[in-house]
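I have placed the structure first, in the form of structure tokens, so that the comments after it can refer back to it.
Values quoted throughout were computed directly from the atomic coordinates according to the rules given, and no laboratory measurement underlies them. No experiment lies behind these values; they were computed from the predicted model shown. Quick reminder, even Gly has a Cβ in these numbers, built from the backbone with ideal geometry, and neighbours come from all protein chains shown.
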Amino acid sequence: MTKFFIIYFAAVIVLVPLLSLLVAFLKVKHTLPIIILVAIALTIPPIYGYNKYMRLDTVEETVVPDLVGQRLGNAEAMLEDLGLKAQVTESVMPASNIVKSHHPEAGMLVKRGRTIYIVLEDEVPPRPAEPATNEGSSETD
């Protein structure tokens, strides 16, 4: 893109004085229409180049699906099918394989290639077994 602007501005630096000399040489009385045409001609290439560079005219959008409650593998496959990327955010607790939430939220319109940040449900550690009690038994010495 930088190369495009260098060539463009080099051409402007050369063409504007040449057009000025041409207008002076031809002794045109009404220069305003020529100035307007030159201004339009000089404005179009950078706008066109910027749109092509930023791919503003070719980037497709898609709706973020609802991933909450899905297994991580299924959620990643759904996002990949839509042209989106998945990134699991870190958690302090060990995480399960189930999606707890995600950002952007379901239903939002995003550009393809966008990363969807996924938070997994915290894995609940198993409760320790309660010690067995001997109720109803009597010990005699």
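Which FRET efficiency, nearest 0.05, do Lys85 and Ile6 yield, Cβ-Cβ r, R0 35 Å?
Calculated transfer efficiency: 0.55.
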Relative exposure of Lys111, Lys100, Lys3, judged by other C-beta atoms within 10 Å (fewest first): Lys3, Lys111, Lys100
Cβ-based net charge around Ser96, under 12 Å, with every Lys or Arg adding one and every Asp or Glu removing one: -1
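In what sequence do Arg127, Arg114 fall when counting other Cβ within 10 Å, fewest first?
Ordered by Cβ neighbours within 10 Å, fewest first: Arg127, Arg114.
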Eligible lysines near Lys85 by straight Cα distance, threshold 26 Å, same-chain separation 8 or greater: Lys52, Lys100, Lys111
Exposure proxy order (Cβ contacts within 10 Å, fewest to most) of Val63, Val119: Val63, Val119
Net charge contributed by nearby residues that have their C-beta within less than 13 Å of Thr115 (K/R +1, D/E -1): +2
